[in-house]
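Below is one structure; the comments refer to it alone.
The values are calculated or read from the model by the stated rules, or taken from the named source; none is laboratory data. Predicted model only: the values in this text are computed from it and were never measured. Every residue, glycine as well, gets a Cβ built from its backbone with ideal geometry; the counts of neighbours run over all protein chains shown. The protein model used for the area step is the full one, side chains on, heavy atoms only, and it has no ligands, DNA or RNA in it. Shrake-Rupley method; radii C 1.70, N 1.55, O 1.52, S 1.80 Å.
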Amino acid sequence: MAMAQFCFSGCLCYNSCFPRSSNLSLTLLSDSPKRKPLENGVLSFNTIQCRVNHNGTVEHSDNGLSSFPEKHLHGRSASSSKSPPPRPRRIILVRHGQSEGNVDESAYTRISDPKIGLTEKGLADAEDCGRRIREMIEGDKAHNWKVYFYVSPYRRTVETLKGLGRAFERSRIAGMRVEPRLREQDFGNFQDREKMRVEKAIRMLYGRFFYRFPNGESAADVYDRITGFRETLRSDIDIGRFQPPGERNPNINLVLVSHGLTLRVFLMRWYKWTVEQFERLNNFGNGGMVVMERGYGGRYSLLMHHTEEELRQFGMTDEFWLPCWFLI
């Protein structure tokens with residue numbers, strides 16, 4: 001009975017999309033000239049064929065895909081497809097403002113990591129970062145610029161996002177998505193302060209990238225989930241997910257609000273830096289940002305916004321310069 005109601009509803013939806021006056025028509029046919037009888041109250045959909053008109057022509061059917069244009073992408077030739085949407089002008093990586101855990105490590109012994117919030121200074125850090133982002137974007141002298149946010153679900157990053165958002169009118173915000181893969185490296189559950197100090201000392205001996213905290217993650221584990229996020233982000237860029245309907249705006253700016261290690265791993269993955277290069281990088285400050293800006297050939301470069309001196313303070317050496325020019 002439920003299936004029969006589903007089929008009936010489907011017919012209503014189909015008829016509303018394709019009225020009788022349209023050229024599209026389908027006939028449900030069986031292998032024999034006669035239709036198959038109802039099976040448990042449901043018509044058999046084993047074969048779907050196009051109707052042949054009296055004049056001998058066959059009317060075209062796309063099996064309902066006209067309502068879902070993205071379904072045509074796989075069968076569309078390169079010559080007939082539209083040019084890809086413009087890439088975002090920038091990808092801006094923002095570390096959360098100063099948190100309770102940054103000023104008092106014992107906070108992790110009584111508050112779970114995802115629930116650590118910002119201090120008053122951290123809220124000010126976030127608002128100041130938002131103003132700096134706006135000033136940078138307004139320097140482009142483009143009237144149609146917008147920002148789109150990805151944010152870690154942790155409390156301190158969400159609060160940072162709220163601070164950033166105060167710098168922008170609602171009309172300037174293209175959208176926002178909470179992305180769990182941007183969360184902080186997992187150091188375990190409630191953390192014993194002294195034990196954590198020992199673990200971090202051991203990590204320096206073992207190697208910052210591969211050392212896994214008990215009941216937690218290594219930077220290599222973070223790398224794996226960031227790889228998945230990177231592919232999602234690349235797909236979003238390729239299909240123009242940030243574009244307003246019917247627009248092709250080249251002045252979209254993506255802002256990723258996350259955590260220090262996670263953002264360094266993101267840069268490592270994007271530019272294909274080695275483990276040795278990653279381990280030389282320094283964390284950037286609370287409320288700090290790293291800007292990947294579209295440069296030559298539409299590729300994202302760190303040198304479009306940052307000076308060489310700034311990047312050296314970040315831990316980059318001469319061997320970084322060439323990879324940082326290219327989107328790979």
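A few remarks follow.
- Just one residue in the set T157, T109 is of a type in the set (V, I, T), in contact (Cβ under 8 Å) with a residue 24 or more places away in the chain and either within 30 Å of R234 (Cβ to Cβ) or not in a helix (DSSP H, G or I) (or both); that residue is T157.
- Unmet requirement for H305, which otherwise passes all of (1) exposed (fewer than 14 other Cβ atoms within 10 Å of the Cβ); (2) under 25 Å from G175 (Cβ atoms): (1)
- Out of G240, G315, G287, G260, sole residue that is open to solvent by less than 20 Å² (accessible area, probe 1.4 Å), at positive phi and within 20 Å of the chain's Cα centre (by Cα): G240
- Among the candidates G101, G117, the residue that is among the small types (G, A, S), touching a strand residue (DSSP E or B) at 6+ places or on another chain (Cβ under 8 Å), within 30 Å of L261 (Cα to Cα) and modelled with pLDDT of 50 or more is uniquely G117.
- Index of the failed condition, A124 passing every other in (1) under 26 Å from I91 (Cβ atoms); (2) crowded, with 19+ Cβ neighbours inside 10 Å: (2)
- Residue pairs whose Cβ atoms lie under 8 Å apart, sitting 6 or more positions apart in sequence or on different chains, and linking a residue in the stretch 162-173 that is closer than 10 Å to F149 by Cβ and at pLDDT 95 or above to a partner that is of a type in the set (D, E) and open to solvent by less than 80 Å² (accessible area, probe 1.4 Å), are L164/E127.
- Residue list for the stretch 195-222, restricted to those being open to solvent by less than 30 Å² (accessible area, probe 1.4 Å) and in a helix (DSSP H, G or I): M196, E199, A219, A220, V222
- Every condition in (1) out of contact with any Cys (no Cβ under 7 Å at 6 or more places or on another chain); (2) at pLDDT 95 or above is met by R87 except one, and the failing one is (2).
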